[in-house]
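Colleague: The structure is given below, and queries will be raised subsequently.
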Amino acid sequence: MQLHNTSGNLVQKSNKPPDTKKDNTLSDNQTTTNPPVSKTALYWLRRDLRLEDNHALRQALASGLPVQCVFVFDSNILNTLPPTDRRLGFIWQSLREIQDTLRAAGGDLWCETGPAQDVIPRLAAQLGADAVYANEDYEPYARRRDTMVAQTLATIGKTFHAYKDQVIFARDELLTASGKPFTVFTPYCNAWLKKLSPQHSQALTVPPLTGRLRPPAGTPAMPSLTELGFGQAEPCLLAPGASGAKELFADFCQQRIQRYHQQRDYPGVKGVSYLSTHLRFGTISIRQLVQFACFDGGEGAMCWLKELIWREFYQQLLWHFPDAATHSFKPQYRDLPFPNRLDWLESWQKGLSGYPLIDAAMRQLNQTGYMHNRLRMIAASFLVKDLLIDWRLGERYFAEKLLDFDLASNNGGWQWAASTGCDAQPYFRIFNPVTQSQKFDPDGRFIRRYVPELAALNDQAIHAPWQAKTLPEGLKLGRDYPLPIVDHAKQRQLALALFGKQ
Ligand SMILES: Cc1cc2nc3c(=O)[nH]c(=O)nc-3n(C[C@H](O)[C@H](O)[C@H](O)COP(=O)(O)OP(=O)(O)OC[C@H]3O[C@@H](n4cnc5c(N)ncnc54)[C@H](O)[C@@H]3O)c2cc1C
């Protein structure tokens, strides 16, 4: 089936492999300048860094041709990242694991650096691939890139096949009764659960790779992180690759999933799955997670399944409303006159706002690349409604720092907290950073971990040290830990006035 998407995309969306018997000749230029090459099928890895339960890889293998797995360090993306970006380490190590598996099966991983829209068609010609197989990516940049790749491939008689892999339901597979995209979570979630059948979460098993891969001759060496310009990357604390994902998932299933609904809101407790980065880079299959949650069926598992559905809700929103990536979803909040005090933005970023739970959250982000969901909500609300800073500045900071950064979920989460999103927190519901702290970190365990200068405060005082009658000896606020940079009650009124005028 030829699918023309909204951007005039020419992408083969197919459940069947193409007809490999057809002789798709190379362009004149290539036939005269290149020696003959044996035919191959090219599988392009992007946000699906695993070799099991992988739709596009399975289809590439079904072509019957030797498969060459390819990864492109896309310079369009790399050039926007700081040299300390810790996500590169995660990707690189995950690729190393894939390379080891491919080598053991008689193949290799082909890595190139450059603009993906140029590299892929060139490689397809060079390796004699008539078809390129990839899993769909729904982000605006990826959609533009894939359109370009498909168009260039078409000009040389080759096809691009894209498959649904990172979600259970994509694009417009779930629409309201009137055929419109869902913009409210609860009805979307109900429709998602109603449509789900065992088939949707069934693994797309990949057959054994031995004997099915293109031999490794001529494969370039994988560039090191230093060669890629990321030599000083901050250490990634999360075990990478499909093996890291498996271990983490097994641990979650054995230890925590049953109590997920009770523990997921407490950052000081190990209650959540920590799988977001693996989901982001596809080192684990969404089908496997959904299947397990449905099989388990307990209260914890069902609550967790709902979080996986939130992920899909935001993915389909971004697909239908790509402008939300840069603008408030609600038009009335597009031009809010935020004062945007940059000194306050910096204090928030550094974890020096004087509000202990906010500071612990931001330091967790800076030190580990992860932030607990409850804290993302509180820290985002604080930036927008206490510091009166445009949500997009906070969104950008999270995008830089989060190991699990995902445009759809990050944008959705920020617009939810900022009240600018489609199914967002109402603008007048403003988190109080002190009561949130008392509720979700009652014994200050999380604060003590990330704000050690407050560790000696008692469980009551630790949430608002400036209100404490006495402080531990040697601790002076304003010197050892900041006094609050704003007064919550006052800022709350200003936020209500700012939003209420619209
Ligand atoms: C302001 C803000 C920014 C966020 N930015 C991102 C982001 O860039 N990338 C990202 O993956 N998540 C983001 N989230 C959602 C959520 O905070 C993380 O997915 C979650 O904290 C990851 O931890 P976990 O894997 O242990 O989650 P678990 O609680 O174990 O949940 C399982 C999975 O469900 C998905 N999920 C859970 N909660 C949400 C949610 N609210 N929205 C969408 N998906 C969800 C994630 O894929 C997660 O891995 C953001 C939330 C907010 C409020």
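The values are calculated or read from the model by the stated rules, or taken from the named source; none is laboratory data. Not measured: the values here are computed from a predicted model. Methodologically, a virtual Cβ is constructed for each residue, glycine included, from the backbone with ideal geometry; neighbour enumeration extends over all protein chains shown.
Colleague: Scanning for something more than 9 Å from the ligand (Cβ to nearest atom) and under 23 Å from ARG143 (Cα atoms), does the stretch 362-380 turn up at least one residue?
Modeller: No, the conditions are met nowhere in the stretch 362-380.
Colleague: Follow-up question, since we're still on this one. For the subset of the stretch 257-270 comprising residues that are more than 9 Å from the ligand (Cβ to nearest atom) and part of a loop (DSSP other than H, G, I, E, B), which member is surrounded by the most Cβ atoms within 10 Å (Cβ to Cβ)?
Modeller: Filtering the stretch 257-270 for residues that are more than 9 Å from the ligand (Cβ to nearest atom) and part of a loop (DSSP other than H, G, I, E, B), the one surrounded by the most Cβ atoms within 10 Å (Cβ to Cβ) comes out as PRO267.
Colleague: Ok, one more. When the residues of the stretch 387-406 are narrowed to those that are among the charged types (D, E, K, R) and either part of a helix (DSSP H, G or I) or more than 10 Å from the ligand (Cβ to nearest atom) (or both), which ends up surrounded by the fewest Cβ atoms within 10 Å (Cβ to Cβ)?
Modeller: It comes out as ARG396.
Colleague: Can I ask one more? For the condition closer than 26 Å to HIS278 by Cα and not acidic (Asp, Glu), what is the one hit in PRO121, PRO140?
Modeller: Criteria check complete, one pass: PRO140.
Colleague: Limited to the stretch 45-60, what total is found for residues that are of a type in the set (D, E, K, R), outside any loop (DSSP other than H, G, I, E, B) and under 18 Å from CYS111 (Cβ atoms)?
Modeller: Number of matching residues: 0.
Colleague: Name the pairs: first residue in the stretch 258-281 and farther than 21 Å from GLY444 by Cα and of a type in the set (A, V, I, L, M), second residue within 10 Å of the ligand (Cβ to nearest atom) and part of a loop (DSSP other than H, G, I, E, B), Cβ to Cβ under 7 Å, at least 6 apart or on different chains?
Modeller: That search, which allows pairs on different chains as well, returns LEU275/ILE284.
Colleague: Considering only residues that are of a type in the set (Phe, Trp, Tyr) and touching a strand residue (DSSP E or B) at 6+ places or on another chain (Cβ under 8 Å), look in the stretch 145-180 and name the one that is farthest from GLY114 (Cα to Cα). Quick ask: steps written out before the conclusion?
Modeller: Taking the stretch 145-180 first, the residues of a type in the set (Phe, Trp, Tyr) are 160, 163, 169.
From the residues that got through so far, the ones that are touching a strand residue (DSSP E or B) at 6+ places or on another chain (Cβ under 8 Å) too are 160, 163.
Values: PHE160: 19, TYR163: 24 Å.
Out of the qualifying residues, it is TYR163.
Colleague: Sticking with this structure for a sec: Before we move on, is ALA464 free of Cβ contacts under 8 Å to residues at least 24 places away in the same chain, within 34 Å of the chain's Cα centre (by Cα) and in the same structural domain as LEU345 (by TED's automatic domain parsing)?
Modeller: no
Colleague: Identify, by number, the condition in (1) crowded, with 18+ Cβ neighbours inside 10 Å; (2) away from the ligand (no atom under 16 Å from the Cβ) that SER273 doesn't meet.
Modeller: Unmet condition: (2).
Matching residues to (1) outside any helix (DSSP H, G or I); (2) in contact with a helix residue (DSSP H, G or I) (Cβ under 6 Å, 6 or more places away or on another chain); (3) surrounded by 15 or more Cβ atoms within 10 Å (Cβ to Cβ):
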residue	(1), (2), (3)
ALA217	yes, no, no
SER224	yes, no, no
GLU234	yes, no, yes
LEU238	yes, yes, yes
ALA242	no, no, yes
ARG287	no, yes, yes
ALA301	no, yes, yes
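Quick grid of which residues meet (1) modelled with pLDDT under 95; (2) buried (at least 22 other Cβ atoms within 10 Å of the Cβ); (3) among the polar types (S, T, N, Q):
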| residue | (1), (2), (3) |
| --- | --- |
| SER94 | no, yes, yes |
| GLU97 | no, no, no |
| ASP100 | no, no, no |
| GLY106 | no, no, no |
| GLU112 | no, no, no |
| VAL132 | no, yes, no |
